[in-house]
Amino acid sequence: MSEKFQEIYDQSINNPEKFWQEASNDIFWFKKPTKILNKSNPPFYKWFEDGVTNTCYNALDIHIDQGRGKKTALIYDSPITGNKSHFSYEELRSKVSIFAGALKNQGVLKGDRVIIYMPMIPEAVIAMLACARIGAIHSVVFGGFASNELASRIDDSKAKLLVTASCGFEPGRTVEYKPLVDEAIKLANHKISKMILFQRRGHEVKLNTPIEVSWDEVVSNASDADCVEMNSNELAYILYTSGTTGTPKGIVRDIGGHIVALKWTMKNIYNIDD
């Protein structure tokens, strides 16, 4: 362990409120927190509980506001298909804000849960940031998981909407998502209200029921959505454990603590400060 790391670690342990207050200054707040740590109900500590922010604003909008809109925000480089693309902060925000508007048109409100069952394509990132933009809680489920695994996460999260794709590509095979999603919806006791499906070129599938709608359709009928102001202790996402020792458990992460910790890590561990 380096001396520098040891010094930082000691500061975080000896005076955590001061340490994380300083760290919180590096992110954007609609309202900066005055209460850094509330430990009145251990082990359920609350960080930055009166702060107001938004994950998507910190990921995209702040960079555009500070003149970095033309810089690259996302690089897509698929080793399977060979497809490559770059998105600037401005380009990515445009796609995110439109899809956020599409989610709102489909009835998704602040606090609603959205399951994202997607391959590793740009639309998966767009869906996550769109949820954050309007205050919905997303839960990423590994694309290609068996139907019963997806169904268990639908039931536990009580998701209002599911975002998926027609298929995913793995070395030597194509994973057809639609049959897996159809079976999961049948198995789940909790019924989603809508399913948005991104059609991958050359692997389009038929949409059969009223709850199914294509990505392109919902986007074509949507308008840009602005960032919703979120309390720091509202939830950013649900991430499920593997379930190898029993039922998968949903781990929740709040918004303020998530952004501050991520920003601190990027700045101090990876030396990325924009």
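The values are calculated or read from the model by the stated rules, or taken from the named source; none is laboratory data. These figures come from a predicted structure and were not determined experimentally. Using ideal geometry, Cβ is built from the backbone for each residue, glycine included, and neighbour counts are taken over all protein chains shown. We work out accessible area using only protein heavy atoms, side chains counted, and drop any ligands, DNA or RNA first. Shrake-Rupley method; radii C 1.70, N 1.55, O 1.52, S 1.80 Å.
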Around Asn54: net Lys/Arg minus Asp/Glu count, Cβ-Cβ under 12 Å: -1
Dipole magnitude (debye, nearest 20) for the chain, charges at Cβ of Lys, Arg, Asp, Glu: 340 debye
Sequence of Thr244, Thr265 when ordered by accessible area, the most exposed leading, probe 1.4 angstrom: Thr244, Thr265
Accessible area expressed per residue, the chain, with surrounding protein chains retained (probe 1.4 Å, Å²): 53 Å²
Computed [θ] at 222 nm, deg cm²/dmol, the chain (DSSP H ≥ 4; -39,500 (n - 2.57); rounded to nearest 500): -10500 deg cm²/dmol
Loop-resident sites, the range 1-60, for trypsin sites (Lys or Arg not before Pro), counting at most 16 other Cβ within 10 Å (DSSP): Lys35, Lys39
Interchain or long-range residues, amide H under 5 Å from Ile116's placed H: Ser139, Val140, Val141, Val163
Per-bin percent of Cα-Cα distances, the range 106-249 [5 Å]: 2, 9, 20, 24, 21, 14, 7, 2, 1, 0
Percent carbon-and-sulfur accessible area, the range 111-235, ignoring ligands, DNA and RNA, probe 1.4 Å: 52 percent
Net length gained if the chain between Ser12 and Arg68 were fully extended (0.36 nm per residue, minus Cα distance): 17.0 nm
Members of Lys18/Lys39; Lys95/Lys158; Lys18/Lys263 lying beyond 22 Å, as alpha-carbon distances in this model show: Lys95/Lys158
Fraction of the pair-distance distribution of the chain above 26 Å, Cα-Cα pairs, percent: 47 percent
Under the Karplus curve 6.51 cos²θ - 1.76 cosθ + 1.60, θ = phi - 60°, whole-Hz ³J(HN,Hα) for the range 199-213, x wherever Gly or Pro sits: 7, 7, 4, x, 9, 5, 10, 7, 9, 10, 10, x, 7, 9, 9
FRET E, pair His190, Glu170, Förster distance 41 Å, beta-carbon r, rounded to 0.05: 0.90
From phi via Karplus (6.51, -1.76, 1.60), per-residue ³J(HN,Hα) for the range 175-181 in Hz, x at Gly/Pro: 9, 7, 6, 4, x, 5, 5
